[in-house]
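Below is a structure I'd like to ask you about.
The values are calculated or read from the model by the stated rules, or taken from the named source; none is laboratory data. A quick note: this is a predicted structure, and the numbers were derived from the prediction, not measured. Don't worry about glycine lacking a Cβ; one is built from the backbone with ideal geometry, like all the others, and counts go over all protein chains shown.
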Amino acid sequence: MSQQLSVGPSAINQLVIRQLPVDDYQPVWRAMQAFTDGRDAATVDEFWVLQHQPVFTQGQAGKAEHILAAGDIPVVQADRGGQVTYHGPGQLVVYVMIDLKRRGLGVRALVTAIEQAIVNLLTLYGIDAGPRADAPGVYIEPVATGAKIAQLGLRVRRGCSFHGLSLNVDMNMEPFERINPCGFQGLAVTSMALQRPGSDSEIANVGSHLCRELASVLGYTALQWPPVQGSATA
């Protein structure tokens, strides 16, 4: 990852958005940890936007029984919250590296903001969705019985967040059948492409809209735009 940007205390509303290439999960995860451990009070918050090569990731409390048949897809035990989920090409991932103490945010407020940004984004695409009180993420209406379209998993260290969200845009959904998604047996999972066949679900456009929605909900007023092109391991 390129060198962190630092700002004075008057620039806490700055945000850097980095567009990363499709990458394996573990190098990006380690880069997130390094970024978080290396930041200080003047480090600018960042969003990392990317897609992953196929992988199942388990949260810290993840239970092995929720992985039904991993097959040829690797399983990584990560340090985020939540149970097992799947990442793969066609799924938009946004990692949120935020100094929560500086922004006066608690974890619950961050989760709510992320969910609201996803709902706002889906509304732009004509998809009715919302969060559920009993399970983080975003679900197609009616949310109590609707399929899950976006997943959340976060970690906070030294008052700063990392990990983030994944939004199913236009991807192979079969791997979700190999797990109990997010630890829920029989949970239906869907994508933007399945909900709005034929609509413009080009992932770069979706990513741009989602980052703007998320930055707005979180109150950032000075965005690095267009996104910085880079690699988590450069």
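Every residue in segment 182-234 that is within 18 Å of the chain's Cα centre (by Cα), closer than 30 Å to ALA144 by Cβ and among the charged types (D, E, K, R), please.
If the condition is that a residue be within 18 Å of the chain's Cα centre (by Cα), closer than 30 Å to ALA144 by Cβ and among the charged types (D, E, K, R), then ARG212, GLU213 are the ones that fit.
Yes or no: GLY62 at positive phi, out of contact with any Pro (no Cβ under 6 Å at 6 or more places or on another chain) and not in a strand (DSSP E or B)?
Here the answer is no, as GLY62 does not meet what is asked.
Right, another one. Being loosely packed, with under 13 Cβ neighbours inside 10 Å and part of a loop (DSSP other than H, G, I, E, B) is the filter here; which residues of segment 65-90 pass it?
LEU68, ALA69, GLY71, ASP72
Continuing with this model, one more query. Restricting the search to segment 148-169, which residues are surrounded by fewer than 18 Cβ atoms within 10 Å (Cβ to Cβ) and assigned to a loop (DSSP other than H, G, I, E, B)?
Correct list: ARG158, GLY159.
Of all residues in segment 91-112, count the ones that are assigned to a loop (DSSP other than H, G, I, E, B) and within 26 Å of MET192 (Cβ to Cβ).
Total satisfying the criteria: 1.
Working only within segment 71-89, note down all residues that are modelled with pLDDT of 95 or more and out of contact with any strand residue (DSSP E or B) (no Cβ under 6 Å at 6 or more places or on another chain).
Answer for segment 71-89, where residues must be modelled with pLDDT of 95 or more and out of contact with any strand residue (DSSP E or B) (no Cβ under 6 Å at 6 or more places or on another chain): GLY71, ASP72, GLY88, PRO89.
Residues of segment 202-234 being part of a loop (DSSP other than H, G, I, E, B) and more than 30 Å from HIS66 (Cα to Cα), which ones?
GLU202, GLY219, TYR220, THR221, GLY230, SER231, THR233, ALA234
Right, something else. How many of the residues making up segment 59-99 are closer than 16 Å to ARG155 by Cα and of a type in the set (Asp, Glu)?
2
Counting only residues that are more than 27 Å from GLN26 (Cβ to Cβ) and touching a strand residue (DSSP E or B) at 6+ places or on another chain (Cβ under 7 Å), which one in segment 131-142 is surrounded by the most Cβ atoms within 10 Å (Cβ to Cβ)?
The selected residue is TYR139.
Oh, and also: Give the residues of segment 112-144 that are more than 23 Å from ASN205 (Cα to Cα) and among the aliphatic types (A, V, I, L, M), sorted by residue number.
ALA133, ALA135, VAL143, ALA144, listed by residue number.
Name every residue in segment 186-199 that is in contact (Cβ under 8 Å) with a residue 12 or more places away in the chain and either basic (Lys, Arg) or surrounded by fewer than 21 Cβ atoms within 10 Å (Cβ to Cβ) (or both), in order of residue number.
Once the filter is applied, which keeps residues that are in contact (Cβ under 8 Å) with a residue 12 or more places away in the chain and either basic (Lys, Arg) or surrounded by fewer than 21 Cβ atoms within 10 Å (Cβ to Cβ) (or both), segment 186-199 yields LEU187, ALA188, THR190, ALA193, LEU194, GLN195, ARG196, SER199.
Next question. Considering only segment 91-130, state which residues are farther than 22 Å from ALA41 by Cα, in contact with a strand residue (DSSP E or B) (Cβ under 9 Å, 6 or more places away or on another chain), surrounded by fewer than 17 Cβ atoms within 10 Å (Cβ to Cβ) and of a type outside the set (Val, Ile, Thr).
ASP128
While we're looking at this one, here's another question. Consider ARG178 against the criteria (1) over 18 Å from the mean Cα position of the chain (by Cα); (2) surrounded by 15 or more Cβ atoms within 10 Å (Cβ to Cβ); (3) within 22 Å of ASN120 (Cβ to Cβ): it satisfies all of them except one. Which criterion is unmet?
Condition not satisfied by ARG178: (3).
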